[in-house]
1. Which of (1) in a loop (DSSP other than H, G, I, E, B); (2) modelled with pLDDT of 90 or more does Asp64 not meet, given it meets every other one?
2. Look at Gly3 and say whether it is exposed (fewer than 11 other Cβ atoms within 10 Å of the Cβ) and either among the polar types (S, T, N, Q) or over 13 Å from the mean Cα position of the chain (by Cα) (or both).
3. Within the range 9-51, track down each residue that is among the aliphatic types (A, V, I, L, M) and outside any helix (DSSP H, G or I).
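The values are calculated or read from the model by the stated rules, or taken from the named source; none is laboratory data. Predicted model, so just to flag it, every value in this text is computed and none were measured. In this analysis, Cβ positions are derived from the backbone assuming ideal geometry, glycine residues included, and neighbour counts consider all displayed protein chains.
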Amino acid sequence: MVGAIALLLVKLFKEFFHFLPTVISGDSGDVMVGVLTLVDVAQVANLLLIIIFAGYENFVSKIDAGSHEDAPTGWAM
């Protein structure tokens, strides 16, 4: 799954550099489709991260974030 995230990162940069000329010369519809493509790739990568962390917590070990300074109040279980 980590490899898939790396591949998505490559795809994101490829789409971004393909999208740059469209911003300058394209119409608003093309720009909107380009932005949505970038958001789509980023959201799939975030979904993979969620799956990785959920699988780790369910099958390997609990992630103890209760004592971390950024944890919400009342987070400790």
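1. If we test Asp64 against (1) in a loop (DSSP other than H, G, I, E, B); (2) modelled with pLDDT of 90 or more, just (2) comes out false.
2. Numbers: exposed (fewer than 11 other Cβ atoms within 10 Å of the Cβ): yes; either among the polar types (S, T, N, Q) or over 13 Å from the mean Cα position of the chain (by Cα) (or both): yes.
When the stated conditions are applied, Gly3 passes them.
3. Matches in the range 9-51: none.
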